[in-house]
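A short worksheet on the structure shown next.
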Amino acid sequence: MKKKTMLSLAATVAASVALTACGGGSTAPAQTSPTAMDKEANASKSITLWLAGGDTPDELRTYLKDTFKEKTGATLKIEEQGWGDLITKMTTALPDANNTPDVVEMGNTQSPTFTNIGAFLDLSDMFDELGGADLIPSFVEAGSVDGAKFTLPYYAGSRYMFFRKDLWKEAGVEAPKTLDDFNSAVKTITEKNPREIKNFSGFFLGGQDWRNGVSWIYANGGDLAKKDGDQWVSTLSDENTLKGLEQLQAIYKDASKAPSDAKDVTPWLYINDADQILDEAGKPTGKTSLSAATIMAPNWARWSIGDMKKVDGKDTRVWNDDTFGIFALPGNDGQPAPVLAGGSNIGISAKSQNPELSKELLRIIFSEEYQNMLGKAGLGPGNLKYSSSLGDDQFATTAIAAMKNSKLTPAAPGWAAVETNQVLEEFFGKIESATDLKALAAEYDAKITPMLNLK
């Protein structure tokens, strides 16, 4: 899930006011130019695609530009936007027909804020053509309002467990089949601490790491929020949610020695034999050594886990099957537990002056060829029909299993404000020491509910 935003609660409300001027997002500006397939007429035309961050490789960007030019005769301009200021830029640009990007990639959890206030074109008439029921359901839901589809899944990532086979074996613990098995196993590993490592965690889970911790809530049938009538309501104090929170409290107390303020950032540092902590410029600021038997991380973390070796003269992590292993977090029923999906949605600005050309770009993006290119680049295709393009090794099969049962954050208009103000980080950071979890949860329900509804 894309999580680095700069939007405050006040800015979220401002975005709602500004973007409501988009007129509901269901009607595009009048198309006065010839059809999108008239190459000669389109020779002088261009559209702009905003890509968020650097996840889309250069090869795929070139393919989009070349294919769009070949198909329409028009030019595709691709502009990369940093995750840190994406929402601020979207808030400013989307209402302005003269400056809006035509097509926008955004974090899947950012989508509801903008779809609910009319920032994007209604794609319902293209839904089946672009993949329909094969598109990742949770992402489709995040981009929908009252059944209408405004943004669709671009790519997805999934979370699963990375573990030290050697430490699990030394502790005499086997691979878990259910969530209770997992919780018991990581507690046992922590207690046995076979190598007598200081501050050793059977499962390293940061005190503020709600993005991984929410899986225990989902596995027990709970949720972060739900829609009640025309209002969204925070559900941290609901019975099923509390079951998951109680399990998390036990893990924090019995299995994780992670700092109370740690988030879902670089947990792999603690599962490697040794590693370096780097700042944003890539400069070392500290060192770590092995202190965790298990972590939970997005599938791309595999490239940061393993033995350090020289490859083409560069220090490179090389996965070692003898030392490391992976598995999907099991749920209470033995099937993969629901995990929070990472990834992006994509949509057409309601203010685009070239909606038909923008639709042609979406047809290219959701084509079989491009979807398979996403998978081969290690990005889960938005269309599950092409998920086999991820490969057939253990990483691909585990990612696919986790992805199929993934969930997103609530599709509430104000969810971006909840994330940006780090309210859940604050709440999760208090779970371990809470003497009355229900009262704590109710306290935060009262804080979050108004935010969900932009109040």
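Values as computed for the structure displayed
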| item | result |
| --- | --- |
| Single residue of the range 276-310 satisfying the filter (over 28 Å from Ser184 (Cα atoms) and touching a Lys or Arg at 6+ places or on another chain (Cβ under 9 Å)) that is least open to solvent (accessible area, probe 1.4 Å) | Asp307 |
| Residue in the range 373-394 that is surrounded by the fewest Cβ atoms within 10 Å (Cβ to Cβ), counting only those that are of a type outside the set (Ser, Thr, Tyr), over 10 Å from Ala156 (Cα atoms) and in contact with a strand residue (DSSP E or B) (Cβ under 7 Å, 6 or more places away or on another chain) | Gln394 |
| Test set (1) in contact with a Leu (Cβ under 7 Å, 6 or more places away or on another chain); (2) of a type in the set (A, V, I, L, M); (3) farther than 20 Å from Ala446 by Cβ - Ala416 fails condition number | (3) |
| Candidate set: the range 285-312, residues that are at pLDDT 90 or above and among the polar types (S, T, N, Q); chosen: the one farthest from Gly202 (Cα to Cα) | Ser304 |
| Pairs, first more than 21 Å from Lys263 (Cβ to Cβ) in the range 429-455, second of a type in the set (Phe, Trp, Tyr), C-beta under 6 Å, six or more apart | Leu452/Trp232; Asn453/Trp232 |
| Set Lys177, Lys243: member being open to solvent by 60 Å² or more (accessible area, probe 1.4 Å), within 23 Å of Lys404 (Cα to Cα) and at pLDDT 95 or above | Lys177 |
| In the range 229-248, the residues that are part of a loop (DSSP other than H, G, I, E, B) and of a type outside the set (Val, Ile, Thr) | Gly229, Asp230, Leu236, Ser237, Asp238 |
| When residues of the range 417-455 are limited to those that are in contact with a strand residue (DSSP E or B) (Cβ under 8 Å, 6 or more places away or on another chain) and among the hydroxyl-bearing types (Ser, Thr, Tyr), the one farthest from Phe114 (Cα to Cα) | Tyr444 |
| Output for the range 316-351, where each listed residue is open to solvent by 10 Å² or more (accessible area, probe 1.4 Å) and of a type in the set (Val, Ile, Thr) | Thr316, Val318, Thr323, Ile326 |
| Residue that is farthest from Asp209 (Cα to Cα) [pool: residues in the range 253-289 that are over 23 Å from the mean Cα position of the chain (by Cα), basic (Lys, Arg) and assigned to a loop (DSSP other than H, G, I, E, B)] | Lys283 |
| Those residues of the range 104-135 which are open to solvent by 10 Å² or more (accessible area, probe 1.4 Å), of a type in the set (S, T, N, Q) and farther than 22 Å from Gln353 by Cα, in sequence order | none |
| Extreme residue, nearest to Trp300 (Cα to Cα), among residues of the range 57-91 that are in contact (Cβ under 8 Å) with a residue 24 or more places away in the chain and of a type in the set (S, T, N, Q) | Gln81 |
| Subset of the range 183-194 that is in contact with a helix residue (DSSP H, G or I) (Cβ under 7 Å, 6 or more places away or on another chain) and not hydrophobic (A, V, I, L, M, F, W, C) - its residue that is most open to solvent (accessible area, probe 1.4 Å) | Lys187 |
| Output for the range 217-240, where each listed residue is open to solvent by less than 10 Å² (accessible area, probe 1.4 Å), touching a residue at least 40 places away in the same chain (Cβ under 8 Å) and closer than 23 Å to Tyr160 by Cα | Leu224 |
| Options Gly343, Gly282, Gly334: the member that is at positive phi, out of contact with any His (no Cβ under 6 Å at 6 or more places or on another chain) and free of Cβ contacts under 8 Å to residues at least 12 places away in the same chain | Gly282 |
| Hits in the range 228-246 - residues which are closer than 19 Å to Leu340 by Cα and under 23 Å from the mean Cα position of the chain (by Cα) | Ser234, Thr235, Leu236, Thr241, Gly244, Leu245 |
| Criterion violated by Tyr155 - all others in (1) out of contact with any helix residue (DSSP H, G or I) (no Cβ under 6 Å at 6 or more places or on another chain); (2) touching a residue at least 60 places away in the same chain (Cβ under 8 Å) satisfied | (1) |
| Boolean, Gly313 is open to solvent by 30 Å² or more (accessible area, probe 1.4 Å) and either at positive phi or within 20 Å of the chain's Cα centre (by Cα) (or both) | yes |
| Conditions (1) open to solvent by 10 Å² or more (accessible area, probe 1.4 Å); (2) at pLDDT 90 or above; number of the one not met by Gly84 | (2) |
| Identity of the residue in the range 258-269, more than 21 Å from Ser158 (Cβ to Cβ) and touching a residue at least 60 places away in the same chain (Cβ under 8 Å), that ends up least open to solvent (accessible area, probe 1.4 Å) | Ser260 |
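Residue-wise test of (1) closer than 27 Å to Gly84 by Cα; (2) open to solvent by 20 Å² or more (accessible area, probe 1.4 Å); (3) in a helix (DSSP H, G or I); (4) in contact with a His (Cβ under 8 Å, 6 or more places away or on another chain).
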residue: Ala396; (1), (2), (3), (4): no, no, yes, no
residue: Met403; (1), (2), (3), (4): yes, no, yes, no
residue: Glu425; (1), (2), (3), (4): yes, no, yes, no
residue: Lys430; (1), (2), (3), (4): yes, yes, no, no
residue: Ala441; (1), (2), (3), (4): no, no, yes, no
residue: Tyr444; (1), (2), (3), (4): yes, no, yes, no
residue: Thr449; (1), (2), (3), (4): yes, yes, yes, no
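The values are calculated or read from the model by the stated rules, or taken from the named source; none is laboratory data. All values derive from a computational prediction rather than experimental measurement. Ideal geometry is used to build each Cβ from the backbone, glycine not excepted, and the neighbour counts take in all protein chains shown. Heavy atoms of the whole protein, side chains included, go into the accessibility calculation; ligands, DNA and RNA do not. Shrake-Rupley method; radii C 1.70, N 1.55, O 1.52, S 1.80 Å.
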